[in-house]
Amino acid sequence: MKYVDEFRDPDKARTLLREIEILTAAVVAARGRALQIMEVCGGHTHSIFKYGIADLLPAEIELVHGPGCPVCVLPMGRVDDCVAIAETPGVIFTTFGDAMRVPGSRKSLLQAKADGADVRMVYSPLDALKLARDNPGREVVFFGLGFETTMPSTAFTVLQAEADGTANFSLFCNHITIIPTIKAILDSPDLHLDGFLGPGHVSMVIGMKPYDFIARHYRRPLVVAGFEPLDVLHSVWLVLKQMAEGRCEIENQYGRIVPFDGNPAALAAISQVFELREFFEWRGLGSIDHSGVRMRAAYARYDAEKKFAVPALRIADPKSCQCGEVLKGVIKPWQCKVFGTACTPERPLGALMVSSEGACAAYYQYGDPDGLRERRAVGAA
């Protein structure tokens, strides 16, 4: 099968790993320390865990799990806003499935559904628009979230609602942007990263140019990576090769999918419907300037934040939950004191255990739970 089997070839993986070992030894000898490479996207995190990539790499390379999971960075207060809208009489609240179980301060959307709210899982915003057409006497709200990957489909749906004259459809916009997030990470005093594996899906929309500041200003290499095992290994090799040669550039390993200039039609729709917020609150990262979008005034009639009373409160995460530290790469999932005990996929305390892209869910599913107690003991020593 094209673009699958050839990216899981064991012989090619062994060749790449030998080359990675050679480059790692040279870079570590020159820098006198181990290396930290952050994979920004949650999809990469799952590939790394699923295929055991972290265990194959030299011990001197630490892969740091970044904040590229949009459900995971959703603050608790915004979940409370969702519940408030969903519990409004006459509302059908629609959302992607992984957002239904993210805990709010009182309840999740799934719990609100159990309590009688009309919350429905959809596979795309167009499903929500169809519900609005089929239920003209109800207000249908779509919970729009995600990075630039999912913004175009939401924007096109709003444009379609306007073209159809569907007045009972609205969007609760929680879309976020990747570039200010990476900048916030680079400015964090807690991290000293040597390079990045860039997000493949986001880059398919925004292209390569927006990352230039990472190499130019922060002097860090970034390689936009695909999601198959050889994609990840090849991208790690490219990052290390830049380090060994003293280069800091933005490279595109995922060229079979990611165009240099992105997707012009998608970017045009995003620009038409959305504008940057002055700031947006992130779970674990706090408020980041210009890191979220809202609907432009021209589309206010489709803006759920203007149609409904939204509490818009800032709610702190439970003190026992360390999602913030995991999101920033300060600790590993298994180092959280409630990981695998009080917090599991069946009974999550934090969003990282809920989402299919969350680092905690990835480690719980593909990690080494038998060695968890031993690693905790070492970490506490």
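The values are calculated or read from the model by the stated rules, or taken from the named source; none is laboratory data. Only a predicted model underlies this, so the values are computations on that prediction, with no experimental measurement involved. Here the Cβ positions follow ideal geometry from the backbone for every residue, glycine too, while neighbour counts run over all protein chains shown.
Observations on the model:
- Candidate set: region 276-297, residues that are among the aliphatic types (A, V, I, L, M) and under 14 Å from Ile178 (Cα atoms); chosen: the one surrounded by the most Cβ atoms within 10 Å (Cβ to Cβ): Val293
- In this structure, Phe279 qualifies as farther than 14 Å from Phe172 by Cβ, touching a His at 6+ places or on another chain (Cβ under 9 Å) and either small (Gly, Ala, Ser) or not assigned by TED's automatic domain parsing to the domain that holds Pro89 (or both).
- Members of region 54-99 found to be over 30 Å from Ala26 (Cα atoms), of a type in the set (Val, Ile, Thr) and modelled with pLDDT under 95, listed by number: Val71, Val73, Val79
- Among the candidates Ala184, Ala163, Ala167, the residue that is of a type in the set (A, V, I, L, M) and within 19 Å of the chain's Cα centre (by Cα) is uniquely Ala184.
- The single residue among Val141, Val122 that is more than 18 Å from Arg301 (Cβ to Cβ), under 25 Å from the mean Cα position of the chain (by Cα) and of a type in the set (A, V, I, L, M, F, W, C) turns out to be Val122.
- Test for Thr24: is it buried (at least 22 other Cβ atoms within 10 Å of the Cβ), more than 23 Å from the chain's Cα centre (by Cα), over 27 Å from Asn135 (Cβ atoms) and β-branched (Val, Ile, Thr): yes
- Matching residues in region 12-51 - criterion: being under 15 Å from Leu230 (Cα atoms), in contact (Cβ under 8 Å) with a residue 60 or more places away in the chain and not charged (D, E, K, R): Ala13, Leu16, Leu17, Ile20, Gly43, His44, Thr45, His46, Ser47, Ile48, Phe49, Tyr51
- Pro345 in contact with a Gly (Cβ under 8 Å, 6 or more places away or on another chain) and either without any contact (Cβ under 8 Å) to a residue 24 or more places away in the chain or assigned to a loop (DSSP other than H, G, I, E, B) (or both): no
Results for (1) within 19 Å of the chain's Cα centre (by Cα); (2) free of Cβ contacts under 8 Å to residues at least 60 places away in the same chain, shown as yes or no for each residue.
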{"site": "Lys241", "(1), (2)": "no, no"}
{"site": "Cys248", "(1), (2)": "no, yes"}
{"site": "Asn263", "(1), (2)": "no, no"}
{"site": "Glu281", "(1), (2)": "yes, no"}
{"site": "Leu285", "(1), (2)": "yes, no"}
{"site": "Ala297", "(1), (2)": "no, yes"}
{"site": "Asp303", "(1), (2)": "no, no"}
{"site": "Ala309", "(1), (2)": "no, no"}
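- Options Leu197, Leu238, Leu233; residue that is in contact with a His (Cβ under 6 Å, 6 or more places away or on another chain), modelled with pLDDT of 95 or more and of a type outside the set (Gly, Ala, Ser): Leu197
- Listed conditions (1) under 18 Å from the mean Cα position of the chain (by Cα); (2) within 21 Å of Asn263 (Cβ to Cβ) are all met by Ala155, apart from (1).
- Checking each residue of region 246-268 against the condition of being within 24 Å of Thr88 (Cβ to Cβ), surrounded by fewer than 21 Cβ atoms within 10 Å (Cβ to Cβ), charged (D, E, K, R) and not assigned by TED's automatic domain parsing to the domain that holds Ile206 gives no match.
- Taken together, the residues in region 54-106 that are over 18 Å from Leu349 (Cα atoms) and in a loop (DSSP other than H, G, I, E, B) amount to 9.
- Residue in region 137-146 that is within 30 Å of Gly198 (Cα to Cα), outside the structural domain of Gly200 (by TED's automatic domain parsing) and either at pLDDT below 95 or charged (D, E, K, R) (or both) present: yes
- Taken residue by residue, region 306-323 has at least one member that is touching a strand residue (DSSP E or B) at 6+ places or on another chain (Cβ under 8 Å) and modelled with pLDDT of 90 or more.
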